[in-house]
1. Please name all residue pairs, on different chains or six or more residues apart, with Cβ atoms under 6 Å, provided the first residue is in segment 323-337 and is without any contact (Cβ under 8 Å) to a residue 40 or more places away in the chain and the second residue is aromatic (Phe, Trp, Tyr) and surrounded by fewer than 18 Cβ atoms within 10 Å (Cβ to Cβ).
2. Which count do you get for residues in segment 444-473 that are closer than 14 Å to Phe135 by Cα and either in contact with a His (Cβ under 7 Å, 6 or more places away or on another chain) or charged (D, E, K, R) (or both)?
3. Could you grab me the full set of residues in segment 141-162 that are surrounded by 18 or more Cβ atoms within 10 Å (Cβ to Cβ) and within 11 Å of Thr126 (Cα to Cα)?
4. Given the conditions (1) over 26 Å from Gln351 (Cβ atoms); (2) among the hydrophobic types (A, V, I, L, M, F, W, C); (3) in contact with a strand residue (DSSP E or B) (Cβ under 8 Å, 6 or more places away or on another chain), report the number of the one that Phe315 does not fulfil.
5. Starting from residues that are buried (at least 16 other Cβ atoms within 10 Å of the Cβ) and closer than 21 Å to Val333 by Cβ, keep the ones in segment 254-278 and report whichever is farthest from the chain's Cα centre (by Cα).
6. Quick one: which residue in Glu175, Glu165, Glu129 is part of a strand (DSSP E or B) and surrounded by fewer than 16 Cβ atoms within 10 Å (Cβ to Cβ)?
7. Is it true that some residue in segment 404-416 is assigned by TED's automatic domain parsing to the domain that holds Leu262, touching a residue at least 60 places away in the same chain (Cβ under 8 Å), in a loop (DSSP other than H, G, I, E, B) and not basic (Lys, Arg)?
8. Can you spot a residue in segment 269-288 that is closer than 28 Å to Thr153 by Cβ, in a strand (DSSP E or B) and among the small types (Gly, Ala, Ser)?
Amino acid sequence: MIRFLRVTKMLVIALGLFSLSVPTAAPAQDNTVEQLKELQELRKEVDRKKAELRRELRLLKDVLGEEPRDELMELADGSIGGMTAEELAAELRILRDEIDRLRQAMARGRLTAEDARFEVQGSTRTRLEWGDIDFVAGDADVRQLLRTKVRVTGNPRHDTQVVVELQDSRIWGSEFNTFDASGDQVDLHLAYAELQEVFGKPLRLRLGRQELVYGSQRLLGRGAWGNTPRAYDALVLRLGEANWVDGFTAKLDEKGVRDHNLFGLWSSLRVAQGHDAGPYLLLEQDKNSGSERLLRLTGGTRFTGSTTGTTGHLFGYDVEAALQTGEVGFEDVFAWMGTATVRYHGPSWTQPEIRLGFDMYSGDVTAADGDREAFDNLFAARHSFFGLMDLFKSFPNDTDDGGLMDVRLVGEMSSSERVRVGLHLHNFVLLEDRLGDKALGQEADVVVTWDYNEVTKYHWGGSIFVPGNGMKF
């Protein structure tokens, strides 16, 4: 702490000296001796500032662990012999600017003597569910879920981070008696190290057990609604900051020489102010032969953006499309999906929002013909899109390879500063039907969220589904 304060003080003094030392244009003098004396004093001043710059560079390395750039070392160590008064004045301005930059670097949100090297966070979530979704009267199920997380984040350096998160997920009453402490759902959910600014470049490397969350989460999502969210044993390399591209590989199943792997490229590119594009490629590979063989490529792009008028009314959009090709078992894959959403958000105190959208996932009309045309939504955050009852979340299984078209309307508004209510409406239809009726049904969801305080939040929800004849599949 003392060391950091000393650095700050020195920087302030240095800046003050620089502001006083920059020479101004002097009137022409006939006295050559006086001019030589002034030039000599100016050279001494530049030498002093170079010495101060060298001290600041050493402090930068001690405080932030950064190696000084070569050009800065040359500036601090370079000779000033033969420089004119104008050149010396320019040198002083450069020195002043560089020391100001160093001061700002040490003031940014990097690791300093005042920053905590460890941070501990935790959360507990409990949820009571009552559901009767098998269309059998009197067969409702009531269960209470509990999920607890404890996360420790370590910062041994400003450019290095280590994260470990323990997670306990359970259903009340699942232990066989009150003495049972087996902890069947205790998991090391996260355990990774991250290196930032690798080689001083906008390059980030994350290695270990981690979450892969990208884009709209329709293909790679956290699955946070479930009691056990997704995690991967993966390596992720990110290049760029505002515009970035991630390359990653994850081991899904270790089978000796016949592993199940996931490879991917995902990017985020700013195409205009408030408008972004996110092209991506995902490759699944299972080296087994026969019916377990898998080599499937999923490629697509997502476009998002919004604009806000002078009166505060916001209009936004979210459009995404993807194709799948490759081989699954003995079948050739060609499948597709598309989704589009338009959004309006009002400026009044109720913060009204309306979202209208549709989703289309391809289906396979003919079974066992050697072609797989039903889209697979891979590792999606499945609770977020097709109704809160989760009747349709895993494709193609949940629609028996029939695909899906969902037309949805969502309305939300705040009834007070801390309470927000929402109504979600869905109309589900099969894209391909093998039995003669594509109508699956309609769903309505009501959600109320209460922000009790800054660390506690309550959710209430209720849903109803009216089945169509297509649910007989």
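1. As it stands, the answer is Leu323/Trp336; Thr325/Phe334, since those pairs meet every condition given.
2. Of the residues in segment 444-473, 1 are closer than 14 Å to Phe135 by Cα and either in contact with a His (Cβ under 7 Å, 6 or more places away or on another chain) or charged (D, E, K, R) (or both).
3. Scanning segment 141-162 gives a single hit, Arg147.
4. Of (1) over 26 Å from Gln351 (Cβ atoms); (2) among the hydrophobic types (A, V, I, L, M, F, W, C); (3) in contact with a strand residue (DSSP E or B) (Cβ under 8 Å, 6 or more places away or on another chain), only one is false for Phe315: (1).
5. Within segment 254-278, the match that is farthest from the chain's Cα centre (by Cα) is His260.
6. Among Glu175, Glu165, Glu129, only Glu129 is part of a strand (DSSP E or B) and surrounded by fewer than 16 Cβ atoms within 10 Å (Cβ to Cβ).
7. yes
8. The answer is yes, given that some residue of segment 269-288 is closer than 28 Å to Thr153 by Cβ, in a strand (DSSP E or B) and among the small types (Gly, Ala, Ser).
The values are calculated or read from the model by the stated rules, or taken from the named source; none is laboratory data. Not measured: the values here are computed from a predicted model. All Cβ positions, even for glycine, are placed from backbone atoms using ideal geometry, and neighbour counts span all protein chains on display.
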